[in-house]
Amino acid sequence: MCGIIGYVGDRPACEVIVKGLKRLEYRGYDSAGIVTEDGGKLFIRKGAGKIDELTGKLGFLEMPGRRGIGHTRWATHGVPNDINAHPHTDCTRKIALVHNGIIENFSEIRDYLLERGHSFRSDTDTETIAHLIEEELKSSETFEEAMRKALLRLKGSFALGIIYADEPDRLYFVRNESPLVLGIGKGETFAASDVPAFLEYTNKVVFLDDMEYAVITRDSWVVKKLETGEPVEKEVQEVEWTLEMAEKAGYPHFMLKEIYEQPRAVRDAMHGNVDAVRKAAEEIARYEKVFIVAMGTSYHAGLVGKYLFQRLANRVPIVEDASEFRYEFENVIDEDTLVIAITQSGETADTLAAMKLAKRKGAKVLAIVNVVGSMATRIADLTLYTHAGPEIGVAATKTYTTQLAVLTMLAIELARVLGTADDGYLSSLVDGLSRVPELMEEVLKHDASLRELAEGLAGKSDFFYIGRGVSVPTALEGALKLKEISYIHAEGLSAGELKHGPLALLEEGVPVVAIAPSGKTFEKMLGNIEESRARGAFIIGLGDREELGRVSDVLVQMPPMDELLTPIVYAVPLQLLAYHLAVLRGNDPDKPRNLAKSVTVE
Ligand code: AGP
């Protein structure tokens with residue numbers, strides 16, 4: 001996720017752009033850059049660092065011109081550094097562009113352009129687009145035609161802002177699966193990834209849809225279809241948000257916004273990992289001794305990974321809390337060991353220490369990370385990115401479900417390499433996984449009823465979350481979400497474990513959240529739920545089977561799906577329940593007490 005802002009009008013473009021970038025910083029903050037045009041010449045300043053710092057260091061506010069584009073980056077391809085910061089240009093430096101998204105076929109396009117003599121300065125997928133437009137320009141009558149032809153060759157998600165030095169008055173903005181909105185002012189026009197970037201100047205907006213592009217000038221705008229270049233009729237809407245509301249896209253908290261971003265994030269995680277997962281699976285297949293190390297929510301993702309690996313690929317990784325791994329497993333790690341480290345921030349001290357130990361002992365280290373260029377990616381031999389975009393809320397939501405998406409892809413690929421599962425079944429799982437974002441959308445519709453449910457539960461002091469098999473980590477994660485933001489005591493456990501002790505704690509009205517999708521232990525789960533009901537527990541069932549409704553006080557109806565995909569989709573209602581309980585109890589879910597987003601001390 002990155003932020004884009006563009007401006008054409010009478011004001012100094014750099015001022016509007018710097019303000020806009022500040023308001024988009026929540027979308028990415030590892031590097032930033034601006035291009036402006038004055039007298040037919042492009043001026044570009046960019047670098048790694050935060051916007052405030054770069055504004056002083058690079059003199060953003062001294063850039064000339066009344067037309068320009070800015071970008072705040074959250075790296076996906078290429079580490080965050082000065083060269084990889086946007087804007088990127090073609091060989092002639094007349095075309096400059098910024099990008100939010102991932103181009104899946106960029107290496108193929110890059111090879112094609114290298115053969116045609118283009119030279120590249122950065123490691124980004126974005127730069128290939130500038131060169132591709134330059135290449136198409138050779139056989140096109142207009143810049144717009146070249147741009148369209150080039151963009152139709154891209155696979156992936158993109159929101160782009162494009163400027164061409166030889167056209168004095170206009171800017172182009174293109175959208176496919178990454179957000180873009182125009183701001184319509186009087187004698188000035190804006191475009192951005194999100195409304196807050198220009199809300200100070202206008203509240204009249206036009207939302208672009210996928211495969212559409214806009215051509216904006218100081219006092220005109222038109223939206224066209226990328227496929228044909230034909231104009232599309234668009235409605236100008238008025239937004240009534242305050243600036244503060246707009247930064248969170250109208251959501252009251254970042255956590256809620258991030259919960260709602262999950263279908264998009266999971267889609268990006270899948271699109272961004274097709275080739276990388278294949279390579280990683282081939283590497284994993286070489287090792288019999290596999291560890292997964294992580295902390296907190298990432299550890300729960302690791303536990304889901306264990307079920308996926310054992311069910312699909314007959315490989316049983318040892319999943320360890322990273323803080324324990326470093327002290328307990330030193331003697332068993334050697335060159336025949338592969339360690340998978342899962343960490344959204346890539347900066348968690350315990351996970352980094354476990355990775356360093358593994359490296360020291362000669363093990364191979366694979367990292368699953370959200371933050372590009374973070375420490376974990378520098379230690380690891382191989383990194384898979386989750387492409388979730390920055391997560392501001394302390395509670396991990398979209399970084400968790402994207403970790404699960406990557407692990408699911410990895411387990412499927414590993415099963416293919418090892419030949420441990422039926423091909424037909426693996427293909428159906430791939431299909432199922434591609435539908436997960438839609439299922440998440442469907443489940444998000446339970447938001448209002450979960451809020452209602454939370455109203456009745458806000459006074460409770462203990463919760464239990466139970467599941468079996470692959471739903472055990474889901475239960476643990478549901479309990480962790482509740483604890484960390486609502487400050488209610490919660491326990492997550494395997495349902496079979498209940499009668500070995502915890503059942504003694506159940507009494508009239510204690511909420512038990514039963515994660516019970518269809519699957520091989522569904523009947524057993526019903527039995528465990530009955531045991532809890534008999535002690536007066538208040539059962540909240542999450543599942544797709546009618547029978548579950550009969551034993552639950554409240555049923556959260558889930559869509560049917562393969563049991564192995566349930567951890568991703570079932571996380572959503574659990575996050576929403578925790579969120580509403582936190583808010584109803586007067587807590588700020590974005591900044592829970594005593595906790596930090598990344599734990600950089602042991
Ligand atoms: C989850 O909601 C927590 N904020 C926490 O458990 C987190 O998952 C843990 O600290 C690990 O962080 P990491 O993924 O950045 O390594």
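Quick check: pseudo-label points 7 Å beyond the Cα along Cα→Cβ at Gln237 and Ala458, how many nm apart are they?
In this crude spin-label approximation the distance works out to 2.9 nm.
Run a plain Debye calculation on the range 18-173 (Cα atoms as equal point scatterers, no solvent) and give log10 I(q)/I(0) at q = 0.12, 0.15 Å⁻¹, rounded to two decimals, same order as the q list.
Results for the range 18-173 at q = 0.12, 0.15 Å⁻¹ read -0.47, -0.74.
Just the number, please: percent antiparallel of the DSSP beta bridges in the chain, rounded to the nearest 5. Let's see the in-between values first.
Numbers: 62 of 101 bridges.
Of those bridges, close to 60 percent are antiparallel.
Ratio of the range 495-568's C-alpha Rg to 2.2 N^0.38 Å, to two decimals?
1.06
Going down the list Lys398/Lys597; Lys445/Lys481; Lys22/Lys597; Lys94/Lys138, which pairs span over 18 Å between their C-alpha atoms?
Result: Lys445/Lys481; Lys22/Lys597 exceed 18 Å.
Which FRET efficiency value, to the nearest 0.05, do you get for Ala534 and Val332 by plugging their Cβ-Cβ distance into 1/(1 + (r/R0)^6) with R0 = 41 Å?
Rounded to the nearest 0.05, the efficiency is 0.40.
Within the range 299-368, which GluC sites (Glu not before Pro) sit in a loop by DSSP and count at most 12 neighbouring Cβ atoms inside 10 Å?
Those that pass, being in a loop and sparsely packed, are Glu335.
For the range 232-291, which GluC sites (Glu not before Pro) pass both filters: DSSP loop (anything but H, G, I, E, B) and at most 10 other C-beta atoms within 10 Å?
Filter output for the range 232-291: Glu233, Glu235, Glu240, Glu288.
With the convex hull built on the Cα atoms of the range 253-304, state its orientation-averaged projected area in nm².
Result: 4.9 nm².
Suppose the chain between Glu108 and Lys50 were pulled fully straight at 0.36 nm per residue; how much longer would it get relative to their current alpha carbon spacing?
Computed gain between Glu108 and Lys50 is 17.7 nm.
Relative contact order of the chain, please, whole-number percent, based on alpha carbon pairs below 8 angstrom and at least 6 residues apart.
11 percent
For Cα pairs less than 8 Å apart in space and 6+ apart in sequence, what is the mean separation divided by the residue count of the range 299-391, i.e. the relative contact order in percent?
23 percent
Using unit Cβ charges (K, R positive; D, E negative) and no other charged atoms, how large, in debye to the nearest 20, is the dipole of the range 506-602 about its Cα centre?
Value, rounded to 20: 280 debye.
Just name one of Ser323, Met295, Leu338: the one whose Cα is farthest towards the positive end of the charge dipole of the range 205-364 (beta-carbon charges, Lys/Arg +1, Asp/Glu -1).
The listed residue farthest towards the positive side: Leu338.
Counting only protein heavy atoms, what percent of the accessible surface of the chain is carbon or sulfur at a 1.4 Å probe?
47 percent
For Glu227 and Asp210, calculate 0.36 nm times their separation in residues minus their Cα-Cα distance, and state this gained length in nm to one decimal.
5.0 nm
Dipole of the chain, Cα-centred, from +1 at each Lys and Arg C-beta and -1 at each Asp and Glu C-beta, to the nearest 20 debye?
About 820 debye.
For the range 24-73, which semi-axes, largest first and in whole Å, follow from the square roots of 5 times the eigenvalues of its Cα gyration tensor?
Its equivalent ellipsoid spans semi-axes of 20, 11, 8 Å.
Ser119 to Leu584: FRET efficiency via 1/(1 + (r/R0)^6), r the Cβ-Cβ distance, R0 60 Å, to the nearest 0.05? Present the calculation step by step, with values, prior to reporting the outcome.
On the way: r = 58 Å, r/R0 = 0.97.
Using R0 = 60 Å, I get an efficiency of 0.55.
Placing +1 at every Lys and Arg Cβ and -1 at every Asp and Glu Cβ, with all other atoms neutral, what dipole size does the range 415-477 have around its Cα centre, in debye to the nearest 20?
180 debye
Give me the number: length gained by fully extending Asp169 to Arg286, i.e. 0.36 nm times residue separation minus the C-alpha to C-alpha distance, one decimal in nm.
Full extension of this stretch gives 36.4 nm more.
Run the simple label-point estimate for Ser139 and Lys41 please: 7 Å along Cα→C-beta, distance reported in nm.
Spacing of the two 7 Å Cα→Cβ label points: 3.5 nm.
Determine by what factor the alpha-carbon radius of gyration of the chain differs from 2.2 N^0.38 Å, reporting the quotient.
Numbers: Rg = 25.1 Å, N = 602, 2.2 N^0.38 = 25.0 Å.
That ratio works out to 1.00.
With a sphere of radius 9 Å drawn around the Cβ of Asp90, what net charge do the other residues whose Cβ falls strictly inside it have (Lys, Arg +1; Asp, Glu -1)?
For residues surrounding Asp90, the net value is -1.
What nm distance separates the two modelled labels at Glu177 and Ala276, each placed 7 Å from Cα along Cα→Cβ?
It is 1.5 nm.
Quick one: what Rg and Dmax do you get for the range 209-339 from the alpha carbons, in Å?
According to the Cα coordinates of the range 209-339, Rg and Dmax are 23.7, 70 Å.
The values are calculated or read from the model by the stated rules, or taken from the named source; none is laboratory data. As the structure is a prediction and not an experimental result, all values here were calculated from the model. No Cβ is skipped: glycine too gets one built from the backbone with ideal geometry, and neighbour counts run over all protein chains shown. All accessible areas refer to the heavy atoms of the entire protein, side chains included, with ligands and DNA or RNA removed. Shrake-Rupley method; radii C 1.70, N 1.55, O 1.52, S 1.80 Å.
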